[in-house]
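The numbers here are math on the coordinates, done by the rules we state, and not lab data. Since this is a predicted model, take the numbers as computed values, not measurements. In this analysis, Cβ positions are derived from the backbone assuming ideal geometry, glycine residues included, and neighbour counts consider all displayed protein chains.
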Amino acid sequence: MRIVLSAISWVSIYLALVLVPLAVLTIGEMPPGSGFWWDFSMALGFAGMAMMGVQFFLTARFRRACAPFGIDILYYFHRYLAVLACSFVFLHFLIIRIDNVDALGAINPLEAPWYMTAGRASLLLLVLLVVTSLWRKRLRIPYDEWRMLHIGLAVAAFLLALGHIEGVGYYIQAPAKRWLWTGYTLFWLLLIGHVRLVKPWSMRKRPYRVAEVRQERGNSWTLSLAPDGHEGMRFEPGQFAWLTLRESPWHIREHPFSFSSSAARQDRLEFTIKELGDFTRGIRDTRTGEIAYLDGPYGVFSVDRYPDAPGFVFIAGGVGAAPIVGMLRTLADRHERRPLWFVYGNNRWENVTFREELEALKQRLDLRLVHVLTEPPAGWQGESGFITAELLKKVLPGDAGEYEYFLCGPKPMSDAVQRELRDLRVPLGRIHLELFDMV
Ligand SMILES: Cc1cc2nc3c(=O)[nH]c(=O)nc-3n(C[C@H](O)[C@H](O)[C@H](O)COP(=O)(O)OP(=O)(O)OC[C@H]3O[C@@H](n4cnc5c(N)ncnc54)[C@H](O)[C@@H]3O)c2cc1C
């Protein structure tokens, strides 16, 4: 209930941040209107601008705002609202282009007033921003390069749009409105400053040192970090943090990883990382004593959110086991007695990350562990193939619908298992997901 109320209040704050500037601009003295389409186009422009401002808030990773939804949901929200904001700004331009083309003036930047060129440039950058984000993978833009481009384009588009509004000056001529609009603008600029300068600065005061790098099965490495001069980080099992390794916290290269260590130990934080691309392939070369910074904890994928559940069912594929092993280790440290199931899909037996550790955890928990292999070795007695409804029906108890389900794995597996769980009539609200891909 608290989470629902919190979610409702954040959605209300969002609507207020977008609608209040519009309402303020319509109060009191108004410029002579040029008909419905003109006013409608202006409203779209201001709404698009306010939405652009809120976009910075959505990705600022304020823990209180992330808590009710989960940061991945906020990122999806950010993505779709960006398309909406861009469409509003584009419509703002299009309506004037059709209804009152003279108001747009010359296109040539050498002849046009600077603020009209700023408006056009802002729209162009916004379109570029949306296209490079929606089709990043298809355009083969590496994630880190895309992220730098994304931040650069977003800040530039926003500042150009502000310049356009200030330069045109319609609707904000009255001193009170100008003050309000300037205050609003300052708020967004301070927010950008907070995210890019203040937050990394506070991370710099809480560094970590690499204490150990352990090889795991399945091309994975466990990176163990010890806090350097502070007490470490308190987190809920299953949550994740953004890791910056060897670089300054102001550096944009940071990667999200789930805690695979027990939440009972905040003085030794571990992440189990599968070799996948440039950054993750470099983990094996990390040396003890090297510096790291963490931004976290984040995420709602945690057993701690369901204290009244009669039991838990975990389903993972490959390195998706990392947050689940973090939860199991924590539950073992807390002497948990509730029944637990872990259905763990992998390709080969020798690639099963945490294989030995899971056997050891069975001694400390009421845990039923089901390995499912797509390429089982000769003589394999266990389950093989994919995780299907039939398999789940066979290995889970009759009252499986009562439990909370935690699912983490590659997207195709996650989608397929969700369908299977729905076939088994597991209520949607009991299925919790962690996707290792945000965009
Ligand atoms: C909430 C969450 C928890 C995760 N937990 C784990 C974990 O415990 N263990 C593990 O091995 N992996 C985990 N990942 C995935 C991990 O973050 C990516 O595999 C890693 O960032 C890839 O970086 P790369 O440069 O090696 O690979 P690349 O080849 O550059 O990236 C491969 C793909 O990973 C994604 N990615 C890359 N960089 C980032 C980034 N900075 N932020 C978000 N996504 C990115 C992109 O979709 C990209 O296309 C998690 C991801 C998320 C979102």
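Details
- Loop-resident sites, segment 284-346, for trypsin sites (Lys or Arg not before Pro), counting at most 10 other Cβ within 10 Å (DSSP): 287, 337
- Axis of helix 114-134 versus longest Cα principal axis of the chain: the two differ by about 20°, to the nearest ten degrees.
- Largest to smallest principal axis extent of the C-alpha atoms in the chain, angstrom: 81, 50, 40
- Approximate spin-label separation residue 402-residue 79, in nm, with each point projected 7 Å along Cα-to-Cβ: 3.7 nm
- Put simply, when 115-126, 44-55 are sorted by average Cβ atoms within 10 angstrom per residue, most first, you get 44-55, 115-126.
- Extension gain, residue 363-residue 4: 0.36 nm per intervening residue step, less the Cα-Cα distance, totals 125.5 nm.
- On full extension, the segment bounded by residue 202 and residue 16 gains 64.0 nm, given 0.36 nm per residue less the C-alpha separation.
- Segment 270-383 - Kirkwood radius from inverse mean 1/r over Cα pairs (Å): 16.0 Å
- With the charge dipole of the chain set up from +1 on Lys and Arg Cβ and -1 on Asp and Glu Cβ about the Cα centre, the Cα lying farthest toward the positive end among the listed residues 13, 272, 107 is that of 272.
- Helix 411-423 and the longest principal axis of the Cα set of the chain meet at an angle near 70°.
- Fully extended contour minus Cα-Cα distance, from residue 226 to residue 23, at 0.36 nm per residue: 68.0 nm
- In the chain, the longest principal axis of the Cα atoms and the axis of helix 321-333 are about 60 degrees apart.
- The aspartates and glutamates whose alpha-carbon is closer than 12 Å to the alpha-carbon of residue 177, local same-chain residues fewer than 8 away aside, are 29, 166.
- For segment 208-298, convex hull volume per residue from C-alpha positions, Å³: 91 Å³
- Alpha carbon centroid spacing (whole Å) that separates segment 259-277 from segment 300-335: 14 Å
- The magnitude of the dipole of the chain, with charges of +1 and -1 set on the Cβ of Lys/Arg and Asp/Glu and taken from the Cα centre, is near 400 debye.
- Residue-normalised convex hull volume from the C-alpha trace of segment 2-203: 148 Å³ per residue.
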